Amino acid sequence: MGKDSFSTSPGLFDQMLSGEATPKPQPGSGPLSVTEATARIKGVLTGVGSMAIEGEMTRATVAASGHVYFTLKDSGASISCILWKGKVASATNGIQPKDGDKIIVRGKLDVYAPRGGYSLIVESIEPVGIGQELLKLEQLKAELREKGWFDRKREIPKMPGCVGVVTSRDAAALRDFLRTRSLRWPGYPVRLCHTQVQGPTASKAIAAAIDALSNSGVDVVVVTRGGGSLEDLWSFNEREVAEAIWRSPVPVIVGVGHESDTTLADFVGDLRAHTPTDAAQIVFPDRAALTERIERVAGYLDRAIDDHFERRLDKFNRSANSRVLVEPTWILGERERSLAALFRRAELAGSGVIQRATQRANLVEGRLERASPKARLAIGGERARSLGSRLLRVGGHLLTPAQQRIEFFSRSLDAVSPLRVLGRGFSLTSRVDGQKRSLVRSASEVKVGQSVETQLGSGHIRSKVTEVLVDKDEGPESCA
């Protein structure tokens, strides 16, 4: 028994059997009934309190009710144990002991009166030697769960180019894995990274293998090994392995132990496989099923293409026999009839518009004629002609004396007009300086080579002075 095993007085059971541990019957009290004796025994056993007992688990059975019954034994004795259904999860704390495992059981003794036997009512179970390790494991699980390491589940590629495997080359797990590969897709690319899978240094070796393989170009990594005891699988509960899985740039499938075995690596990995065979079935595509699917899809595609061409051919035949292609002049006839109808409609509409416009114009013309100013213009024109005649008569009387006076002054002006003088043979000479004209009154006003213009009775003469002759009183002028 362990340190926490109950320690009552030596020979307690011997005393109970001899009757020394129970009050001796008083004179005249008589013998005890079986029920009374069992009740006294139960009182003594339940009074012992909680105890811890170490031994080997045997004959473990799960009843239909969910209660667990097993026997705890050593080389000298055995004791029946009962684990109630409601206590299974909390008592085992995720551990699943099996026949032959060394365990420490904590609980209280109880007597089952109908059979007169006693049992240990189990409150907790822990494996011998790794109780503290399990506590650390639970603490590590809580830490990684808080960090979210259990929540990342990357998608596993359906057709990985290369599958990486972390396991021992001598393990049965690798043989199962490769045998399943041969059944599903023979020769599928696999890259093995050999490592030890149990022992004190196995966790570091497994972590190094995961790091090396996940960065070698594979598309998915499978970490696997066969079943074993909790101690055998303990390497996959170490922090180093969990960190290596979390660092992996590619998805990681964990297939460690049997279906009932669960390790920390299962929680951190992207997918948990129950066994190495299950891991192989997950990661390797089924070539036969894929080929069958391709053939089925190819058949669907062939039928779809045939149906498509059949529909197209049917549509083509209907189009070829359509009236449009058989008798194309029908289209022109239909269009001609449509255009003729439209033309008639337009002609009728246009004539109606013109007729209505003509009626409106005639109406407006009548109104204009009725309001026309022709009469007033005719009257005004007649008055204007009458007043014009009168004006001419009155003007003639007024203009005659004025005309006579004008003729008189005209004759007087004509008599003294320079033009009349010029007409008698005289002329006027002017100097020409650009646009300026200045009348020459004396020969000394011009110079040799200067341009002059002479106005006659009819026309003008332009000339250049070649010689200037002056009167004697003015003196001679040099000649050119």
Would you check if residue 288 is surrounded by 10 or more Cβ atoms within 10 Å (Cβ to Cβ) and either touching a Cys at 6+ places or on another chain (Cβ under 9 Å) or farther than 30 Å from residue 186 by Cβ (or both)?
no
On the given criteria, is residue 168 of a type in the set (S, T, N, Q) and within 15 Å of residue 255 (Cα to Cα)?
yes
Of 168, 214, 182, the only residue that is polar (S, T, N, Q), loosely packed, with under 14 Cβ neighbours inside 10 Å, farther than 30 Å from residue 91 by Cβ and in the same structural domain as residue 264 (by TED's automatic domain parsing) is 182
So, first residue in a helix (DSSP H, G or I) in region 246-261, second residue not hydrophobic (A, V, I, L, M, F, W, C), Cβ within less than 7 Å, six or more apart or across chains; the pairs are 247/211
Flagged in region 41-66 as in contact with a Gly (Cβ under 9 Å, 6 or more places away or on another chain) and outside any strand (DSSP E or B), in numbering order, are 41, 50, 66
Requested in this report: Could you tell me whether residue 82 is at pLDDT 90 or above, over 21 Å from residue 137 (Cβ atoms) and not assigned by TED's automatic domain parsing to the domain that holds residue 233?
Outcome: yes
Taking region 437-462 and the residues there that are assigned to a loop (DSSP other than H, G, I, E, B) and either among the hydroxyl-bearing types (Ser, Thr, Tyr) or not assigned by TED's automatic domain parsing to the domain that holds residue 427 (or both), the one that is nearest to the chain's Cα centre (by Cα) would be 458
Out of (1) in the same structural domain as residue 469 (by TED's automatic domain parsing); (2) part of a helix (DSSP H, G or I); (3) among the basic types (Lys, Arg), the one residue 376 does not meet is (1)
Residue within region 55-66 that is within 19 Å of residue 232 (Cβ to Cβ) and outside the structural domain of residue 263 (by TED's automatic domain parsing) present
yes
Scanning region 218-265 for residues that are over 31 Å from the mean Cα position of the chain (by Cα) and aromatic (Phe, Trp, Tyr), the one modelled with the lowest pLDDT turns out to be 234
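The values are calculated or read from the model by the stated rules, or taken from the named source; none is laboratory data. Source: prediction; values computed, not measured. Positions of Cβ are generated from backbone atoms using ideal geometry, with glycine treated the same way; all protein chains shown enter the neighbour counts.
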